[in-house]
Each structure stands twice: as C-alpha cells, then as structure tokens.
Amino acid sequence: MKLINILKNKCPNCTKGKVFTNLYSLDIPKMNNSCKKCGFNYTREPGFFWGAMYVSYALAVAESIVTFIISSFFLSELFDLKKIVVIAIVLLLLAPLNMRFSRIIWLYLFKNS
C-alpha cells in the first residue's frame with residue numbers, strides 16, 4: 001500500500017494530498033511546503049533531504065542493474081562499452097524522477113520523527 005502511495009505522490013500522513021505539484025513532468029520540480037489536506041509539514045528542518053541522496057543512489061543502482069540485464073539480451077558481449085553508454089543514458093533520463101521519488105521515500109521513512 002505504501003508503494004502505491006509513493007508512486008501516486010501522496011502525503012505520508014493522510015495519503016490524500018500531493019508532495020510534488022508536478023511529479024511526472026519535465027518541468028523544474030516544485031515540492032509543496034506542507035500537505036494541502038492535513039497540513040503535514042514536508043520541510044522538517046534545514047538539510048533534512050540530504051539523506052534522500054542515499055535513497056537516490058539506491059534507486060540508481062537498481063536501475064543500472066535492471067538496465068544491464070535488459071541490455072544483455074540485445075548486446076552479446078558481457079562487458080561491452082555500449083552497455084555502459086546505455087546505462088548512463090537511462091540514469092540521466094531517470095535522474096529527475098529519482099530526485100522526486102527519493103524525497104518522497106525519505107518522507108515516508110521519517111514521517112513520525
């Protein structure tokens with residue numbers, strides 16, 4: 001259930017409000033300061049989202065592994081420079097989503113603190 005709420009950009013407190021105003025767009029991400037429905041404060045303290053970098057790193061590693069496995073079906077050699085290029089392109093394309101989802105996951109991890 002939490003995974004669905006994270007993917008739907010829902011507030012970790014009431015699961016009705018939105019964390020980001022534009023989750024799946026190519027615009028500059030705009031994070032709300034608080035939930036419009038329940039008033040839950042998203043910006044806890046200065047530097048709170050520094051820890052979300054670890055979540056973003058974990059997402060990037062998982063995406064790299066999945067991209068490597070999928071590209072192995074199309075590229076025959078195990079260690080091919082083309083795979084590295086494909087992985088780099090996928091990571092660059094998913095970087096804005098990683099930033100947004102890592103912040104949402106970080107909020108869900110520390111919603112009661």
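Structure values in brief
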item	result
Sole residue being in contact with a Lys or Arg (Cβ under 9 Å, 6 or more places away or on another chain) and either assigned to a helix (DSSP H, G or I) or at negative phi (or both), chosen from Ser71, Ser76	Ser71
Hits in segment 63-84 - residues which are within 20 Å of Leu97 (Cβ to Cβ) and open to solvent by less than 50 Å² (accessible area, probe 1.4 Å)	Glu63, Ser64, Thr67, Ser71
Inter-residue pairs, beta-carbon under 9 Å, first within 16 Å of Cys38 (Cβ to Cβ) and in segment 12-25, second open to solvent by 90 Å² or more (accessible area, probe 1.4 Å) and not charged (D, E, K, R), 6+ apart	Pro12/Leu109; Thr15/Met1
Ser25 open to solvent by less than 40 Å² (accessible area, probe 1.4 Å) and either under 17 Å from Ser102 (Cα atoms) or modelled with pLDDT under 90 (or both)	yes
Residue among Phe49, Phe40, Phe20 that is over 16 Å from the mean Cα position of the chain (by Cα) and surrounded by 16 or more Cβ atoms within 10 Å (Cβ to Cβ)	Phe40
Residue within segment 88-104 that is open to solvent by 50 Å² or more (accessible area, probe 1.4 Å), outside any helix (DSSP H, G or I), touching a residue at least 60 places away in the same chain (Cβ under 8 Å) and within 30 Å of Thr21 (Cα to Cα) present	no
Residue satisfying condition, being at pLDDT 90 or above and in contact with an Asp or Glu (Cβ under 7 Å, 6 or more places away or on another chain), within set Leu59, Leu94	Leu94
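The values are calculated or read from the model by the stated rules, or taken from the named source; none is laboratory data. All values reported here derive from a predicted model rather than from experimental measurement. So basically every Cβ, Gly included, is an ideal-geometry build from the backbone, and we count neighbours across all protein chains shown. When the accessible area is computed, the model is the full protein with side chains, heavy atoms only, and any ligands, DNA or RNA have been set aside. Shrake-Rupley method; radii C 1.70, N 1.55, O 1.52, S 1.80 Å.
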